[in-house]
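Following: one structure in structure tokens, then a few remarks.
The values are calculated or read from the model by the stated rules, or taken from the named source; none is laboratory data. All figures in this text were calculated on a predicted structure; none of them were measured in a lab. For neighbour counting, all protein chains shown are included, and Cβ atoms are generated from backbone atoms with ideal geometry for every residue, glycine included.
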Amino acid sequence: MSGSTFGRVFCVTNFGESHGPAIGCVVDGCPPGMLLAAEDIQPELDRRKPGTSRHVTQRREADGVEILSGVYQGLTTGTPIALLIRNQDQRSKDYDDLVDSFRPGHADYTYWRKYGLRDPRGGGRSSARLTAPMVAAGAIAKKWLHEQYGTLVRGHLQQLGDVVVPFDNWDETARNPFFSASAAVVDQLETYMDDLRKAGDSCGARVRVCAGPVPPGLGAPLAAKLDADIAGAMMAINAVKGVEIGDGFGVVDQRGSVHGDEITPEGFLSNHAGGILGGISTGQDIDVSIALKPTSSIRLPRRSINREGEAVTIATLGRHDPCVGIRATPIAEAMLALVLMDHALLHRAQNGDVRLDVAAVPGKVT
């Protein structure tokens, strides 16, 4: 299957299936000499892994990461870093009834039409389980970006179904299973998800992810725009159906006198552009929001067809996230970090010698 390698210089090749013996990735292009151990990666996987609360799939996976290559005496060598995550809690029998039929809203039908066959166990390659290796690779990118530029990549839940989640404090996201930046709304989110689970239905979500400080100059015109690559990376996440950078669709009813971020000797006065102009980073925080669709695998009966084109009714049993957006925050953070590291290395390769004798214009923290 083509299409499993991400990036130009910092490249991540993802492999495995949801119910196979293991999943993982090969990270190529990481600069040598960076301290790296499994302990640097595992905390990010722990934030994403299933079974962490009653509101997500109860599949129990330790998601322990093994570094198979590319590290010697604790340092990256510059050679490919192979990361392995073993699957331990598959229940393939839950998918016996889906071998010949297609779940509405899922990739079952499109995979069958493209390849002529598919792995129905847990969705195979179309499963959100394959985001775990990207989170592992993203942990490497996060570490490198922080050491090089002091960059922090952070995310939080903005909306769950019809519940809008206000932003109060970044620290709050680590204190609840929703990555909510507000403690005040957590009880409401708990109740909402309990009711949804009892109904056998699912809902969508909106997640915001930010990175800063980010050096100016990352990206390039036309075919290598930073915002285009960020949008592509976010759309590569399972269930993502929309991406906004900066004010996103909010720019439609803005005037130019409002949207254009004015610049003073002290810095930018706003960040409506989300830290990117002309496909190149401004030095401000990168600000991205994503919209995730409701989970397609639900208990409620839905109409579909089988491989013979006959009408069938599908009710998906097994263990599934009623809202994939609950665990999407660390995934979105990882994908943003991967894009930023790839572009930082691209910039260093072509423009590492560029020096400007001007005072740096600090980006406004938004």
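Within segment 13-52, being touching a Ser or Thr at 6+ places or on another chain (Cβ under 7 Å), among the hydrophobic types (A, V, I, L, M, F, W, C) and farther than 15 Å from ARG125 by Cβ holds for VAL26, CYS30, MET34, LEU36. If I ask for residues that are in a helix (DSSP H, G or I), closer than 20 Å to LEU336 by Cα and of a type in the set (A, V, I, L, M, F, W, C), which ones from segment 137-185 would you list? Result: ALA137, ALA139, ILE140, ALA141, TRP144, LEU145, TRP170, ALA174.
When you scan segment 1-33, how many residues do you find that are among the β-branched types (Val, Ile, Thr) and crowded, with 22+ Cβ neighbours inside 10 Å? The qualifying residues number 3. For the criterion of being in a strand (DSSP E or B), among the hydrophobic types (A, V, I, L, M, F, W, C), surrounded by fewer than 24 Cβ atoms within 10 Å (Cβ to Cβ) and modelled with pLDDT under 90, ILE305 passes.
The residue list GLY278, GLY325, GLY217, GLY232 contains one member that is within 26 Å of PHE6 (Cα to Cα) and at pLDDT below 95, which is GLY325.
Scanning segment 1-39 for residues that are more than 17 Å from THR76 (Cβ to Cβ) and more than 19 Å from the chain's Cα centre (by Cα), we see that the one that is modelled with the highest pLDDT is ALA22. Determine whether segment 251-270 contains at least one residue that is of a type outside the set (Gly, Ala, Ser) and surrounded by 23 or more Cβ atoms within 10 Å (Cβ to Cβ). Scanning segment 251-270, I find no residue that is of a type outside the set (Gly, Ala, Ser) and surrounded by 23 or more Cβ atoms within 10 Å (Cβ to Cβ), so the answer is no. The numbered conditions (1) surrounded by fewer than 23 Cβ atoms within 10 Å (Cβ to Cβ); (2) on the phi < 0 side of the Ramachandran plot; (3) out of contact with any helix residue (DSSP H, G or I) (no Cβ under 6 Å at 6 or more places or on another chain) are all true for PRO215 except (3). The selection criterion, being surrounded by fewer than 22 Cβ atoms within 10 Å (Cβ to Cβ) and part of a strand (DSSP E or B), holds for LEU84.
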